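What follows draws every value from the coordinates through simple rules; no lab data is involved. Source: prediction; values computed, not measured. Note that each Cβ is placed from the backbone with ideal geometry, even for glycine, and that neighbours are counted across all protein chains shown.
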Amino acid sequence: MFEGRHRDEELRPRVLRGEHNWWFLGPGGVAKLYSWHIDRTGVPTAETMEWLGSQGMLKPPRRKNYSLTVLTTTHCNLGCSYCFQNLGQDESGGTAPPRIGYTRLSSGTIKKIIEFTRERMDAAGLSELCVTLFGGEPLLNPRGCVELLEAAAPLGLRYADMVSNGTLLNSVPIRRLHELGLRGIQVTLDGDQPDHDAVRVKRTGGGTFDAIVRNIREVQEETEISFALRVNVTAENLPGIDRLIERLAERLRTARCGIYFKIVGDVGIGYHNDVSASGRLLRQFIDWNKRALDCGFGVGRPREVVPCPACSFTGGRYGAVVSADGSLSSCWETAGKPDWQVGTVFDGYQPDEVAQPRWTTCEEDFLNFTDADAWQRFHDAVDAALLDDLVALGRL
């Protein structure tokens, strides 16, 4: 059994160069620094680090929550050719690529998931639970979503969120899920409408952009659920993202929507993203964030590299990813994939020598890029500019 250690015990604060100052992003928050706080190598002086420590900037907050991600089904109603859950491409050129094996969350498996989670929470001394409903498309099993949240309530369910493609939000008991603690939904858009509809398609054929945006608006009108809009950025959809921001601002309640822009690495079978960390792209990212803020969208405050509670700590110490059949994976991207299981909720985690080679983490995100250092510098520059803008708007 794992001892629950973190793969990298060292804290990794970030120090970014802003337009008129420096930014320190540590486990305890964000601090504004000036030139006299930074030495010639671009790191805070010893005196500055001592001061940051006295302000609680170097110490992460005490963990209270156990983070549980559950795939309520591995099935999906979309046929996106680049999905990381595909096992191959549709050889006919259609919209039905082969996927990971089909499983659906059952009442019996929910019971074992809750028992497993209670044991992990007790072992870590955690009193609150956060649940992420995942898939496939989780709303293809609405009963499983409802039953899971009902069963999780006695464990101190603090809140639940969902990662959904957004096409079924109008056909499931969203109000009931909201009553049970669902507070946020993440939906991905592949650029503006024409670009999105060319790649994020139904398995029966046809685009999805209008249905997704309409469904989000309806949920906003019926509940207080917030939305996180992830915009995949590729070489093909770059020209349309300015219009996408305007289009979404016209149709959604931006005060209850966060938005962020994500470069898609070369992942997924048959997928390639020929985009580089250029100065032009940097300017576009900075401008997109500014425009989103001007339109009233929430844009997440940059922060230090935060260990993922599920995959950064082996042995499920602070979180777990569970597929619909009860199998355990280290990360969302390996859930449901053959030969990537690290245990089950029925028997616990596998021995270290078996599970360790299968353990992947969110921290390996940049490994999908050919020049990870260049992309890290790119994101540092984007985050520094965003912090400058948030201060100018009085939102930091």
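For this structure, a couple of remarks:
- Sum of -39500 (n - 2.57) over DSSP H runs of 4+, divided by residues of the chain (222 nm, nearest 500): -9000 deg cm²/dmol
- Between ASP287 and ARG395, the FRET efficiency from the beta-carbon distance, with R0 = 22 Å, is close to 0.80.
- ASN77 long-range amide H proximity, modeled H, under 5 Å: GLU137
- Taking label positions 7 Å along the Cα-Cβ direction at both ASN170 and PHE346, the computed distance is 4.1 nm, reported to one decimal.
- Spin-label pair ASN77/SER107, simplified geometry with 7 Å Cα→Cβ offset, distance in nm: 2.5
- Computed from the C-beta positions of GLU353 and GLU91, the FRET efficiency with R₀ = 45 Å rounds to 0.75.
- GNM result for the chain, Cα springs below 10 Å: residue of ASP339, ASP371, ASP210 fluctuating most strongly: ASP339
- Here the gap between ARG280 and ALA46, fully extended at 0.36 nm per residue and compared with their Cα-Cα distance, gives a gain of 80.6 nm.
- ILE100 long-range amide H proximity, modeled H, under 5 Å: LEU87
- Formal net charge of residues neighbouring GLU236 (Cβ-Cβ distance under 12 Å; K, R +1; D, E -1): -4
- Our Cα-only numbers for segment 44-132 put the radius of gyration and Dmax at 21.9, 64 Å.
- Rg and Dmax of the chain, Cα atoms only, in Å: 21.3, 64
- Reachable lysines from LYS32, criterion Cα separation under 26 angstrom, eight or more residues apart if same chain: LYS59, LYS262, LYS290
- Extension gain, ALA372 back to LYS59 (0.36 nm per residue minus Cα-Cα distance, nm): 109.9 nm
- The value given for segment 14-54 is a Kirkwood hydrodynamic radius of 10.2 Å, derived from the mean inverse Cα-Cα separation.
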